[in-house]
Each structure stands twice: as C-alpha cells, then as structure tokens.
Amino acid sequence: MALSASDLPVVYGLLTNSMSGDERVRKPAETALSQSESRPGFCSCLMEVIISKDLASQDVRLMASVYFKNSISRYWRTRRDSLGISTEEKVHLRQKLVSHLGEENDQIAQMLAVLISKIARFDYPKEWPALFSNLAERLQSADILTSHRIFMILFRTLKELSTKRLTSDQRNYSEISSHFFNYSWHLWQNDVQTILHGFASLLQNYDSNSQQHHVELYLICERWLLCLKIIRQLVISGYPSDSKSMQEVQPVKEVCPILLTAAQSFLPYYASFLNRYPKFWDFVKRACTKLMKVIVSIQGRHPYSFGDVCVLHPVMEFCLSNITDPRSEVAAFENFLIQCMILVKVILECKEYKPSLTGRAMDESRVSLEQMKKNISNAAGNLLASLMPSERIVLLCNILIRRYFVLTAIDLEEWYQNPESFHHEQDMVQWTEKLRPCAEALYIVLFENYSQLLGPVVVSIVEEAMNGCPVSVTEITPGLLLKDAAYGAAAYVYYELSNYLSFKDWFNGALSLELSNDHPNMRIIHRKVALILGQWVSEIKDDIKRPVYCALIKLLQDKDLSVRLAACRSLCLHVEDANFLQREFADLLPICFNFCFKLVEEVQEFDSKVQILNLISILVGHENEVIPFANQLVQFFQKVWEESTGESLLQIQLLIALRNFVIALDDQSPISYNILLPILHKGIDINSPDELNLLEDSMELWEATISHAPSMVPQLLTFFPCLLEIMERSFDHLQVAVNIIEGYIILGGSDFLRMHASYIAKLLDLIVGNVNDRGLLSVLPVIDTLIQCFPAEVPPTITSTLQKLILICLSGGDDRDPSKTAVRAFSAAILARILVMNTTYLAQLTSDPSLLHMLQNAGVHVEETVLLCLMDVWLDKVDNASSTQRKTYGLALSIILTLRLPQVLDKLDQILSLCTSVIMAGTNDLSEEESSSDSLDSSRVHDDAIPTKELRRRQMKFSDPINQLSLENSVRDNLQTCASIHGESFHSAISRMHPSAFAQLKQALKMP
C-alpha cells in the first residue's frame, strides 16, 4: 500500500525513534522503516522531512536523507519483486531535489548532492536530460551559498558519472565536459581574483573586517575548491588519454600554467595567515596542495599534452626551484614541497618522455601512430634534457642528500622519546606522506635516470662525510648527521653504486669500525649501517659474508631498539638470500635466537612483534638444526599466541613460523603438538571469529603437520570433519585440501577409513562435478590412492563419485582440450583399477539402473553395456596415460577378454595390440616424469629433508598391486579363457590379426 502525505507524521516519528538510545524503542522503528522502504510514496515522505528545516530537527533530516539514499540504491531501478518507486514519484522527487538548492546545513547539503548524483547515474540523460541545464540556469542568479551548493552537486554528479564505462556513457560525459568546461573555468579564474583581492584586504584591514565578510569570502574559497575539483574531473575523465588517442587535449595547455600561477599567488599567504586567520591559513594549505595534486593527475592522464613546452617547462622550473632554493614560506610548507617532489619524480620516470628504441619501417607513406609517439617522446625528452643539464642534476642530488635526508632536531627528539615508534615511522610510512621518504623516492628515480653521472657524485659525498666525521666522533654534529644521510643515499641505490664503490673495502675500512664505537649517539650511524648491510646483500661476496653476519648479530644486541629492529630486518634479507651461507651462520644461530627472544620481550608495538616473528620464522625455515632449540621455540610460540588475541596479522605470522618449525622438525614434530594442535584447531574452525584471516595459513600448517607426522594421533584424526565444512563453504583452498586428504589416507590407514569413511565420500562427491578440470586433476590421484589402499572397502562407499567419473569418461568432447583429455584418461584409469582389484563391484556399478538414468539425463547414449563403452575409452586414451595407467588399462582389458560378450571379439585385435605394446615397453618401469622426480629426490644430500608422508607415498607406490601383477600372465591366461568361451569365433578373430602384430604378441607372451 502506498504512503501519502497523511503518513508523514508516522514516518517522522519512526525516524525520531530510530535514533533513540533505548533499544526497545529503536529496534521496532528500524524494522518498520526497513519494511516501508519498498512502498510507493516512502521516498516522497522522506523528501518532505528533509526540506522541512523549520519543523524537523537536523538529526531527523539527516537520518531521512540516509534512508532516501538507501532506497535509491535498492529501488530506483524497476524491480520484479517490488513496486518500488513509480515514474510519477521519480519525476516529483527530481523536481523537489533541484528546487531545494539553498540548504544551509553542510551535512544535509552534502547528502542532497549525493542523492542527486545517485539518481543521475540511473536517469541521466534519458530520464533527466535537463539536469545540467537546470543547474547552469540556477547558477546565473544564485547567491554565494546556493552557488556553492550547486557546485557541490555538480562535483558529486560528475564524479559519479565518470565511473560509468560504457561507450555511450563516456560519449555523454565528453559532451558534458565540452559544455561545462568553459563556464567552470571562467568562474574559477574569477574566483581566484576575488579570493586574492579578499586576502589582500584581510591583511590591510586586520582589525576592521566584519565577520559577515569572512563568512562570504570563506564560502567563495570553498566554492573555488569545488570548482577546481570539477575542472580536474572534466579534464581527466572528459577526454580519452592522449597516450592512447594521440589527440592533443587543449585544456591541459590552458589549465596547467594558470593552476601553477594560482599556487604561486597563494603561497605568500601561507605564512601571513598562520597566526592571524587560522581558517584561511588552512584553506591556503589545502588549496596549494590540491593545485599541485591536480597538476600531477593531469600529467598522469595526458602526458603528451603536458609535455608541451608551455606546460612542462614552467612546471619543472617551478618545482625544481622550490626544491633546491625554496622561499621562506615554501621551506616551512612541507606538504607543498612533497607535491613538488612527486611531480618531478613522475615526470622523470614517465615512459612517454623517454626516447623510443623502435625504428621506422622503410617506405611508409604516412606517419604511423608509433612514429607520432616517438616524435612527441623525443621532443619531450629533449625539453627535459634542456631543463636538466648536468650541473642541475648534480645540484639536485646534493640538495636531496645534504638537506632533505638529514635528520632534524624534531626527528632526533622523537627517536629519543620512542625509538620503536621512530623505527616504524621511518620504515613503513608512505613515501607520499612525509618529506624525507618523498625526497628518498625522488633521489632513487634521479639516480636511476642519471646513474653514470651521479655514481661518482654519491661516492664523493660518502667519502667527504666519512672524512669529515671520523669513527671516534660521538657528538651529534652536522658532520655526523651528514654521514648518516650519505650512508642512506648509498644504501638506497646499491644496485648501481656497486660499480663505483667496493663493498668489501667499504665494510672493512669504515662500516665495521663504526660498530666498535658504543656511544649512545652512535645509534644514528649504527641504524644506517644495519640498513646498508641489508640493502647491499646481493653485492656481498662469500669471503666477507661471515663478518657481515657477525656485524648484524652485534647490531641485534645494540642498546637502541630502533637499531635492533633495523638489524632484525636486514638479517631477514640475508637469510632469505639465495646465496645465504648456512655453514657460516650455523654457530651464530643460538645467539640469534636468544637475542630475538629477548627483543620480543622488550618491544611494545604490534609491528615490532611481527617483524621479530618473521625473522624467527625465516631462520627456522632455512636452518636444519632447530631441534636443540625446540623447547625454547615452543615456549616462545606459546607466549606470542597468548599475546596475539585480536591481532590477526601477528597470528598469521605465527602460523607461518609454526609451519616452518614443523617442517624443520620433520619426524620430531610431535614435540610441538601441545601448542600446535590447539592453535591449528582454532585456525581451521570456520565458526571462529578470525576464520576469514587465518584459514589459508592454518590449512597450510595442517598440510605440513600431516605430511611430517611420524604417526597419526587421535586429536589429528578428530580434525578431519573440519575439512568437509571448509570445502562446503568454498573451493579456494582445494589443492591444499587434496594434499591433506592424501596425508590422512597414507598416515591414518584403516583407522582413518573406519572413522571417517562417510566424510571422505561426502568430500569427494562435493568436489567431483563441482570443480573445473584443473581441480579434478588434483583430486583424481587421491581417489586412485584410496582405491589402491582399500580396494574392497572404498568403492562401495564412493559410488556417487565413481558414477560421475563414468559420466566424464563417456561424455567425450575432449578432442581439442588437453585438460579434458587428461581428466578422461585419469578417470578411465581409476575405473580400470577397480575392475582389476574389485571386479565384482565394477560389474555391479556399471549395471546399476541409477547410473543408466544419470547417463540418460546427461544426454549420453549407451548403445551396448557401460563396460564395453569403458573398453572403448581405455583403447582410445592409452596414448594419454602414464606407464602405470597404461598397464592398468592392459590388465582391465585382459579381464574384458573373459566376458561372454561377442562384441569383445570385434575389439580383440586392438586389445591385444595395446597389451603387447605395454608388455614390450616394460610395464613395471616408472614413467619418465616419476623416475626423474624420484631420482631428484633421492639425490638429496639430506634424506631428512624428505617428509614422512613422501617416504610413505613412495613405499605405497612401489607396493601397488598393479606393479606386482604380471600383465603377461594375465593376458596369456585370459586369452585361453576367451578361446574356451567363444571357440571358433575366437580363432577367426585371431586369424584376422596382422602377421607382424601376432608375431609381437607371441613374443610378448613368450608363446612358442
């Protein structure tokens, strides 16, 4: 039933009650409002509440706008299950929204803008073609407040429409851009002049400015910012990127220089307004930063148009001048300097400004698109080269290192007060958020572009800093801070600087000596030495690795937490390095573990604990001899787990460490079960609150636990049903789940089958038929293993799964799909195994009426018996099978010979040819893939690296009954049976064999 104006008081009352602190009042109101959302007239009632500013409280109006927004998202489009919002009501709502543009409350005004933008996404241009023209018309006569609100609506709507990706939608957006750009751009420029005039007036008449003038000027400022955002949206989304279209975007050349001029005009007020007008100072701060961000965005979208001399030249000059020689107001404006550095960085690394290496084809009649790009790139590259002569590049490099890399007094005080927080602030902050990380990012790009020029420069700065601040200096002097900055510069570009600086000489001559000075102030240098030792890991030769390891262990004992955490991170890099020398580190392992245990006791922050745990996890994963430390590690893991409640990232790191620990312990892993199994059980419980975060790593820990367990324990057996619950939710972890199932089969044996046969059946039935071919290829070996281990017990238990395998075999359609071919070949091999190892059951399965019904429903026509159809598949897929599978096919086909079916004789030639080829090839040999894999594994130096599960799997493979049976004897015996069954018909079929094939058969069967 539709709502009308008479229901307005009821809706108002419900909205009021929905904000009550009393749950008994709030809950029924929320339920009633939720039930009313789909009723016609509900949004009209909400609209009346929103615009009734004299009758309704601001909170109720705001709540009404929230419900209105939700209703638009759910019911504005026509829905089959709801009457929703009628066309007439939509027209009424659109008119009401556009007529209420002078909203005074900021929050409600923003919500109204959101409402209009959401509706415009659905209705513009078909149902609401006059939206933008109506707004433009209202702008002509609007006061300052209304014009601000209209621009708020325009910005929200344009932003919403820019996300629509259909070609027609993008074409509409381009039309809007062409119509609105000029108006917005002219208004923005006029507002700049108005604001600058107002700012000058503020400074001249500091005591006599009226509050009303401030309010109006501030509204103009906010409108100007909204207009700037609209211009950005129109230039970026209203035109296709010129790097793809190769069409010049004229507004780029018009807008960017004026944006730059506006930033220059606002900058002096940054210092002037700081103590006088905090509100306008905040605006200047936001405006200058936003102007630079818009220029950065335009460069990223339209690099070729931006590369024109009228844009690129003034922008680079302005940014480089502010970085190298900033005026006083800019030097104190960190956010603005960051944007200047970002802009220089993105220009230097822009691929469109780098010379193209492609040539031009001979005799081209016209300039190709690639040639156009090459021409523009070369022009921009030449312009950059003129802007960045060698002297300027060297100056910029020096300024970055000597000014922006140097720690300030504020930095040192923060470090002194909380070294742990300081470490993470320096280590993990986004480079776009702080000045020093931004300078470091710019320096790295600068060095990459001009490494041959800057390599010797950086080395000379390092040498100058070392000479100017000997190892014996302990006071925090400018020389010591410069050395810290120079060391950082050398650390960040190790991959290029190694051509100009010998690490061995540097380490022996300076870095190792730095560590001999234990004065507290030397923490500054010690931390940077730790960074260097980690960053330069790939350049450290074997003959110096041992001293470097010892140096990092020494740094791990430093009195300063920031230094120790830096050493911890660098140790991770060394242990993970492909050239890590385990033998050189082995005797340092006990010391390393002990200091890690001590460090984790001292740190307070979550990030520190994760970092230390990561080092321990890596050490455990790369070292073989962890058993002597097992008890300590168990206690450590127990403590970390107890302290990690609610910290999913720390728990994830702990699960990874436990997995490495279990792998390292191998058959000694049960010594960790007291802590391991409770943690594992929580991680694989899908009802646990942390399931979403912990499940993946818990599954991998479960797999490792099963793979390295020497025997099955009752608690591990009880975990298995969790796997079914996990798979019922999703197949995201299918491969790990398959490995776990295989581990339980191999490790648990008959006890496992007896306890969980029904769960196995449900799992396999769930997987087969519901996953793609890749998933099937992962689970089919498990089914094969199950049947190999339990040929009598398992097949009747998994009848439904086996019926699906028969359907796969008989469906065909795999001629051009290697994956489907592999699935059919493997499925056929499993069914052949059952025929060999449980002949009676397969006969029952293939004649089951439910199977025939399923095949019929799937459109599979069976002309003869299912068993004969399988015989055709075995004959057809022999070339796609492994050697063991081919032998299984041969054994199954030899059994087929004993059937009292005349159709067998029709295939006798093919059956005997297949069996002959398998016998002659040597059926007991492993396939090349299996053989090479086993050979590789057996050649390992450390046999204890082979998991317990792997050893058992090999033993099981070699004891496979298929390998023990003689295909030669089976064919010989069953041929005699076939002859006795079919008599003369058999001899007639044999006589039709080709003489050479018959001769090979006799040779294979050793017949006279």
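The values are calculated or read from the model by the stated rules, or taken from the named source; none is laboratory data. What you are looking at is a predicted structure, and each value in this text was computed from that prediction instead of being measured. Cβ atoms come from the backbone with ideal geometry, glycine included; neighbour counts cover every protein chain shown. The area values use the complete protein model at the heavy-atom level, side chains included, leaving out ligands, DNA and RNA. Shrake-Rupley method; radii C 1.70, N 1.55, O 1.52, S 1.80 Å.
Restricting to Cα pairs below 8 Å that are 6+ residues apart, what does the relative contact order work out to for the chain? Please round to a whole percent.
Values: 1078 pairs, mean separation 47.4, N = 1008.
Across the chain, relative contact order equals 5 percent.
At a probe size of 1.4 Å, how large is the accessible area of residue 466, to the nearest 10 Å²?
It works out to around 50 Å².
Please work out which option in (i) 40.7, 152; (ii) 53.2, 182; (iii) 38.2, 125 gives Rg and Dmax of the Cα atoms in Å calculated from these coordinates, and answer with its label.
(iii)
Counting only other residues whose beta carbon sits under 12 Å from that of residue 89, what net charge do I get with K and R as +1, D and E as -1? Each step should come with its number before you reach the end.
On the way: positive: 39, 90, 94, 96; negative: 88.
Once all neighbours under 12 Å are counted, the net charge is +3.
I'm a student and want to see the number: the projected area of the Cα convex hull of the stretch 707-791, averaged over all directions, in nm².
Average projection, Cα convex hull of the stretch 707-791: 5.3 nm².
Can you run phi through the Karplus equation (6.51, -1.76, 1.60; θ = phi - 60°) for the stretch 316-331 and list ³J(HN,Hα) in whole Hz, with x for Gly and Pro?
Once rounded to whole Hz, the list reads 5, 4, 4, 5, 5, 5, 5, 6, 8, 9, x, 6, 4, 5, 7, 4.
Compute the Rg/Rh shape ratio of the stretch 793-833: radius of gyration over Kirkwood radius, all on alpha-carbon atoms. Walk me through the numbers on the way to the answer.
On the way: Rg = 10.9 Å, Rh = 10.6 Å.
Rounded to two decimals, Rg/Rh equals 1.03.
Taking K and R as +1 and D and E as -1, what net charge do the other residues with C-beta under 14 Å from the C-beta of residue 905 add up to? If you can, show how the numbers build up before the last one.
Working: positive: 900, 907, 992; negative: 864, 906, 909, 984.
Net local charge, residue 905 excluded: -1.
Which residue, 86, 251, 497, has the largest displacement toward the positive end of the dipole of the chain when charges sit on each Cβ (Lys, Arg +1; Asp, Glu -1)?
86
Translational D (Stokes-Einstein, µm²/s) of the stretch 391-525 at 25 °C and 0.890 mPa s when Rh comes from the Kirkwood sum over C-alpha pairs?
Here the translational diffusion coefficient equals 158 µm²/s.
Would you compute, for the Cα atoms of the stretch 755-832, the largest minus smallest coordinate along each principal axis and list the three values in descending order, in whole Å?
Reported extents, whole Å, longest axis first: 42, 23, 17.
Name the residue from 323, 710, 805 whose Cα lies farthest towards the positive end of the charge dipole of the chain, charges +1 on Cβ of Lys and Arg and -1 on Cβ of Asp and Glu.
With unit charges placed on the Cβ atoms, the residue in question is 323.
Specify which residue in the list 866, 823, 883 is farthest towards the positive end of the charge dipole of the stretch 816-890, using unit charges on the beta carbon of Lys, Arg (+1) and Asp, Glu (-1), about the Cα centre.
883
For the chain, what is the mean residue ellipticity at 222 nm derived from helices alone (per DSSP H run of n ≥ 4: -39500 (n - 2.57); sum divided by total residues; nearest 500 deg cm²/dmol)? List each step's numbers first, then the result.
Values: 56 runs with 731 residues, N = 1008.
-23000 deg cm²/dmol, from helical runs alone.
Roughly how many nanometres apart are two label points built 7 Å out from the Cα toward the Cβ at residue 5 and residue 371?
That separation, rounded to one decimal, is 7.3 nm.
Can you run phi through the Karplus equation (6.51, -1.76, 1.60; θ = phi - 60°) for the stretch 873-888 and list ³J(HN,Hα) in whole Hz, with x for Gly and Pro?
5, 4, 5, 7, 9, 4, 6, 9, 9, 6, 5, 5, 5, 5, 5, 4
May I ask for the distance between the Cα centers of the stretch 212-227 and the stretch 379-412, given as a whole number of Å?
37 Å
Check each of the trypsin sites (Lys or Arg not before Pro) in the stretch 1-63 and keep only those in coil by DSSP with at most 16 other C-beta atoms within 10 angstrom; list them in order. Walk me through the numbers on the way to the answer.
On the way: sites: 24, 26, 53, 61; in loops: 53.
When the trypsin sites (Lys or Arg not before Pro) of the stretch 1-63 are filtered for loop state and at most 16 Cβ neighbours within 10 Å, 53 remain.
Over the Cα atoms, compute the radius of gyration (one decimal) and Dmax (the largest Cα-Cα distance, rounded to a whole number) for the stretch 556-671, in Å.
13.5, 40
How do 253, 528 rank by accessible surface area computed with a 1.4 Å probe, from largest to smallest? Don't skip to the answer; put the middle values down first.
Working: 253 45, 528 15 Å².
Descending accessible area places them as 253, 528.
Using only Cα atoms, locate the centre of the stretch 437-504 and the centre of the stretch 284-304, then give the distance between them in Å, rounded to an integer.
Using only Cα atoms to place each centre, the spacing works out to 31 Å.
Viscosity 1.567 mPa s, temperature 4 °C: Stokes-Einstein D of the stretch 863-904 from its Kirkwood Cα radius, in µm² per second?
121 µm²/s
What does the charge add up to near residue 177, with Lys and Arg as +1, Asp and Glu as -1, over the other residues with Cβ less than 12 Å from its Cβ? The partial results should precede the final answer.
Working: positive: 171, 232; negative: 175.
That works out to +1.
Please list, in order along the stretch 680-695, the HN-Hα scalar couplings obtained from phi with the Karplus expression 6.51 cos²θ - 1.76 cosθ + 1.60 (θ = phi - 60°), rounded to whole Hz, x for Gly and Pro.
4, 4, 5, x, 9, 7, 6, 8, 6, x, 9, 4, 4, 8, 9, 4
Is there a quick way to get the dipole size of the chain? I mean about its Cα centre, with the Cβ of Lys and Arg at +1 and of Asp and Glu at -1; what is the value in debye to the nearest 20?
Details: 91 positive and 117 negative charges, 469 e Å.
My answer is approximately 2260 debye.
Could you tell me the largest-minus-smallest coordinate of the C-alpha atoms of the stretch 164-280 on each of the three principal axes, in descending order and whole angstroms?
Principal-axis extents of the stretch 164-280 (Cα, largest first): 56, 25, 20 Å.
May I ask for the angle, rounded to the nearest 10°, between helix 144-161 and the longest principal axis of the chain, with both axes built from Cα atoms and the value confined to 0 to 90°?
20 degrees
Tell me the relative contact order for the stretch 270-410 as a rounded percent, counting alpha carbon contacts under 8 Å between residues six or more apart. Provide the component values of the computation, followed by the final result.
Working: 84 pairs, mean separation 36.3, N = 141.
Computed over the stretch 270-410, the figure is 26 percent.
Accessible area, 1.4 Å probe, largest first: how do 548, 836 sort?
Numbers: 548 0, 836 30 Å².
Highest to lowest solvent-accessible surface, that is 836, 548.
Between 0 and 90 degrees, rounded to the nearest ten: what's the tilt of helix 451-468 against the longest Cα principal axis of the chain?
70 degrees
I need to check one value: relative contact order of the stretch 1-108, counting alpha carbon pairs closer than 8 Å and at least 6 residues apart, in percent. Can you show the working numbers first?
Values: 106 pairs, mean separation 28.5, N = 108.
Rounded, it is 26 percent for the stretch 1-108.
Sorted by mean Cβ packing within 10 Å, highest first, what order do the peptides 214-225, 586-597 take? Don't skip to the end; give the middle numbers.
Details: 214-225: 18.7, 586-597: 16.4.
Descending mean neighbour count gives 214-225, 586-597.
Leaving out ligands, DNA and RNA, and with a 1.4 Å probe, what % of the accessible surface on the chain is carbon or sulfur?
50 percent
Over the stretch 115-180, consider all pairs of different Cα atoms and compute the Kirkwood hydrodynamic radius from their mean reciprocal separation; express it in Å, one decimal. Intermediate values should be presented prior to the final figure.
Working: mean 1/r = 0.0818 Å⁻¹.
Computed over the stretch 115-180, the radius equals 12.2 Å.
In whole Å, how far is the Cα centre of the stretch 590-607 from that of the stretch 752-828?
Distance between centres, Cα-based: 49 Å.
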